[in-house]
Amino acid sequence: MTQKCIIIGASHAAAQLITSLRQEGWKGDVLVISDEPYLPYHRPPLSKAFLSGEKSSESLVIRPTEFYEKHGVNFVQGRVTAINRQQKILTLGDGKTFTYDKLALCTGARARKIDLRGCHLKGIHYLRDMEDAKSIKANVAKGQHAVIIGGGYIGLETAASLIKLGMQVTVLEAAPRILQRVTAPEMSDFYQRVHSENGVRIHTNVTVTRFGGHDHIEKVLLADGTEFSAHLVVIGVGVEPNVELAEVAGLAVDNGILVDEFCRTNDRSIVAAGDGTNQFNKIYGRRIRLESVPNANAQAKIAAASICDLDKGSATLPWFWSDQYDLKLQIAGLSQGYDEIIFRGDRLTGYNFTAFYLKEGQLIAADCVNRPQDFMLSKKLITQKTIIPLKQLLDDSIPLKTLLLNVS
Ligand code: FAD
């Protein structure tokens, strides 16, 4: 009898899982059930090249239709509302049912919502999927005010795209600095400088209390009474993992679906990969829920192997990127818990440098701005748990490569 693998969700993790399943020798059926009406597409450009008009929606597909046809993959549009693990049956919102032998949860995450007076006015958007990005684009008006709530990567990338499109852009951030959750104060200062050079106004330490307008948003109001005119509002205050389906089905969940190193849940027939999972990371010695394409891809490869009854778990170093203006930021590792930061290059007036994060002399993370080579080498240095002499790390004339070669 042909076995059937069902994948819930059709985004980065799902696209990679499909590819890896066939590579690992899965001969059975593959069915993908997704509530979005698209083939898996690249999500990162939604706040970048797609929003700024440099890329079309068609160009964002991860694989063309022919790829899925060739590999015998079928898609069904719908929302899975229940998993019956005993009988291995899925139920969709419209009542349809599907049986599976193996199940992959690639349900990802959703934008965190804020519940304030006026939050349902037209012109107020979140940015998680293609529909969100299309409706933001439809609301862009040159010369008008855009207010971004949240100074994280998505908020700042959106700000950079909207100012390119000729809008007047203000970013409102509740924390004392932008990017506080993910990076060092020096990096926040750098991005604050770059955004102000490009005309974006950033206000930190502010609390938004309500939105004003009749049918459409007109203004954003702060706790201290300050008002900002707004034709368009984009809220980027983080995401929440889509875990409810798994939780109700009795799978272990704790800020993400809990998976082991092989991306298996506590049900041997069910794996999970991507933003919706929480996994122990050997390099950092703790459980982490990561929100990034590289993680979705890495986990999907492992999950596919597990579906094929192969054990291919391995510790992968988390990495991320963010594009704003002409700056390509590449982040290797997680900087939380660092006790020292060292810079190579000029972060105060330039646009090309690396921030190295150290803990007890050991390199744990690096933020590389327009320095792809530093990024590649940092990944290796971090994975090797390298202790590097500070003097050498500081000296930009000593190629990072030589430090790697010196490591025993
Ligand atoms: P998701 O992309 O979240 O997809 C999950 C899918 O499953 C969704 O389509 C969802 O609707 C569907 N689904 C959920 N539950 C059900 C259900 N019950 N039934 C049917 N379907 C369901 N990452 C980077 O590494 N670099 C970047 O520069 C970057 N930029 C980003 C910019 C934006 C604007 C956004 C939104 C994200 C960005 N990310 C970036 C994050 C990256 O897109 C995510 O890490 C990645 O999409 C995670 O993929 P995933 O497959 O885990 O889940």
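The values are calculated or read from the model by the stated rules, or taken from the named source; none is laboratory data. Not measured: the values here are computed from a predicted model. Cβ: placed from backbone, ideal geometry, glycine included. Neighbour counts: every protein chain shown.
Please verify whether region 356-378 includes one or more residues that are without any contact (Cβ under 8 Å) to a residue 24 or more places away in the chain and out of contact with any Asp or Glu (no Cβ under 8 Å at 6 or more places or on another chain). Yes; the residues of region 356-378 include at least one that is without any contact (Cβ under 8 Å) to a residue 24 or more places away in the chain and out of contact with any Asp or Glu (no Cβ under 8 Å at 6 or more places or on another chain). In region 353-408, of all residues being hydrophobic (A, V, I, L, M, F, W, C) and in a loop (DSSP other than H, G, I, E, B), the one that is modelled with the lowest pLDDT corresponds to VAL407.
Scanning region 312-368 for residues that are farther than 12 Å from ALA184 by Cβ, hydrophobic (A, V, I, L, M, F, W, C) and within 16 Å of the ligand (Cβ to nearest atom) yields a count of 9. The criterion of being surrounded by fewer than 22 Cβ atoms within 10 Å (Cβ to Cβ) and either charged (D, E, K, R) or touching a Ser or Thr at 6+ places or on another chain (Cβ under 8 Å) (or both) holds for HIS145. The sole residue among ALA305, ALA300 that is small (Gly, Ala, Ser), closer than 27 Å to ALA13 by Cβ and away from the ligand (no atom under 16 Å from the Cβ) is ALA305. Only one entry in ASP115, ASP132, ASP94 is surrounded by 16 or more Cβ atoms within 10 Å (Cβ to Cβ), of a type in the set (Asp, Glu) and outside any strand (DSSP E or B), namely ASP132.
For region 251-270, which positions are within 16 Å of the ligand (Cβ to nearest atom) and either surrounded by 17 or more Cβ atoms within 10 Å (Cβ to Cβ) or among the acidic types (Asp, Glu) (or both)? Answer for region 251-270, where residues must be within 16 Å of the ligand (Cβ to nearest atom) and either surrounded by 17 or more Cβ atoms within 10 Å (Cβ to Cβ) or among the acidic types (Asp, Glu) (or both): LEU251, VAL253, GLY256, ILE257, LEU258, VAL259, CYS263, THR265, ILE270.
Scanning region 176-206 for residues that are touching a Leu at 6+ places or on another chain (Cβ under 6 Å), within 14 Å of ILE148 (Cα to Cα) and not hydrophobic (A, V, I, L, M, F, W, C) returns a single hit, HIS203. For region 30-41, the set of residues classified as touching a residue at least 40 places away in the same chain (Cβ under 8 Å) and either farther than 25 Å from ILE8 by Cβ or out of contact with any Cys (no Cβ under 7 Å at 6 or more places or on another chain) (or both) consists of LEU31, VAL32, ILE33, SER34, ASP35, GLU36, PRO37, TYR38, TYR41, listed by residue number. The number of residues in region 8-35 being within 17 Å of PHE262 (Cα to Cα) and crowded, with 22+ Cβ neighbours inside 10 Å comes to 6. A single entry from ILE18, ILE7, ILE33 fulfils the requirement of being part of a helix (DSSP H, G or I), farther than 26 Å from ALA160 by Cα and within 16 Å of the ligand (Cβ to nearest atom): ILE18. Among the numbered conditions (1) under 30 Å from LEU358 (Cβ atoms); (2) under 22 Å from the mean Cα position of the chain (by Cα), tell me where ILE124 comes up short. Single failed check for ILE124: (1).
Within region 327-347, being over 17 Å from the mean Cα position of the chain (by Cα), touching a residue at least 40 places away in the same chain (Cβ under 8 Å) and part of a loop (DSSP other than H, G, I, E, B) holds for TYR338, ARG347. Per the listing PHE228, PHE280, the residue uniquely at pLDDT below 95 and in a strand (DSSP E or B) is PHE280. Could we say that ARG287 is more than 16 Å from the ligand (Cβ to nearest atom), over 27 Å from GLN180 (Cβ atoms) and touching a strand residue (DSSP E or B) at 6+ places or on another chain (Cβ under 6 Å) here? No. Just one residue in the set ALA273, ALA296, ALA305 is at pLDDT 95 or above, within 25 Å of SER335 (Cβ to Cβ), touching an Asp or Glu at 6+ places or on another chain (Cβ under 7 Å) and buried (at least 19 other Cβ atoms within 10 Å of the Cβ); that residue is ALA296. Scanning region 148-168 for residues that are closer than 22 Å to ASP224 by Cβ and either more than 16 Å from the ligand (Cβ to nearest atom) or without any contact (Cβ under 8 Å) to a residue 12 or more places away in the chain (or both) yields one hit, GLN168.
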